[in-house]
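The structure appears below as structure tokens.
The values are calculated or read from the model by the stated rules, or taken from the named source; none is laboratory data. Nothing here was measured: the structure is a model prediction, and the numbers come from that model. Every residue, glycine among them, receives a Cβ derived from its backbone with ideal geometry; neighbour counts consider all protein chains shown.
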Amino acid sequence: MYQELTRSIQVSVEAFYVDDQSSPAHNRYVFGYRVQIANQGGETVQLLRRHWRITDARGRTVEVRGDGVVGKQPVLAPGEVFEYTSGAPLATSSGIMVGSYLMVTSSGEQFEVAIPAFSLDAPGLAARPN
């Protein structure tokens with residue numbers, strides 16, 4: 001589990017390989033990731049946008065930006081947690097993802113929350129950090 005805390009917002013990520021959607025013979029490796037966003041602070045916040053940087057083992061990087069996550073822009077009151085699962089395909093058997101969320105407080109103040117860098121590794125590979 002990878003974790004990052006920014007301004008009382010705890011982001012935890014767990015990555016996994018999706019074997020039934022992958023096809024190594026065709027250079028297609030699909031990875032899933034579960035994200036938990038916990039508001040440990042004293043103010044209500046809303047997730048507005050996401051930004052991901054996905055890099056494969058050959059160093060090719062794709063940036064993904066968009067509104068919300070999985071079609072939602074969740075509002076988190078103090079103590080609340082939002083969880084979702086998503087995925088990313090790669091052309092290599094390993095890679096790394098890192099990103100950020102744009103949040104806004106109920107008073108209208110916007111701030112960035114870091115998503116921890118996490119490794120994507122197909123099973124059966126020699127262990128190596130990305």
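Laid out as a table, the results:
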item	result
Filtered residue count, region 54-85, keeping only those that are under 22 Å from ARG28 (Cα atoms) and touching a Gly at 6+ places or on another chain (Cβ under 7 Å)	5
Subset of region 17-33 that is in a strand (DSSP E or B) and touching a residue at least 40 places away in the same chain (Cβ under 8 Å) - its residue that is surrounded by the fewest Cβ atoms within 10 Å (Cβ to Cβ)	ARG28
Hey, VAL75 within 16 Å of PRO123 (Cα to Cα) and either in contact with a Ser or Thr (Cβ under 7 Å, 6 or more places away or on another chain) or of a type in the set (Phe, Trp, Tyr) (or both) or not	no
Hits in region 38-53 - residues which are charged (D, E, K, R) and in contact with an Asp or Glu (Cβ under 7 Å, 6 or more places away or on another chain)	ARG49, ARG53
Residues of region 68-116 satisfying the condition of being under 14 Å from the mean Cα position of the chain (by Cα) and under 19 Å from ALA57 (Cβ atoms)	GLY87, ALA88, PRO89, GLY95, ILE96, MET97, VAL98, GLY99
Contacts under 7 angstrom Cβ, first residue in region 79-108 being closer than 22 Å to GLU43 by Cα and at pLDDT 95 or above, partner among the hydrophobic types (A, V, I, L, M, F, W, C) and assigned to a loop (DSSP other than H, G, I, E, B), 6 or more apart	TYR84/VAL70
Qualifying residue in region 114-129 (condition: touching a residue at least 40 places away in the same chain (Cβ under 8 Å) and either exposed (fewer than 13 other Cβ atoms within 10 Å of the Cβ) or on the phi > 0 side of the Ramachandran plot (or both))	yes
Scope region 3-16; condition surrounded by fewer than 18 Cβ atoms within 10 Å (Cβ to Cβ) and not in a loop (DSSP other than H, G, I, E, B); matching residues	GLN3, GLU4, LEU5, THR6, GLN10, GLU14, PHE16
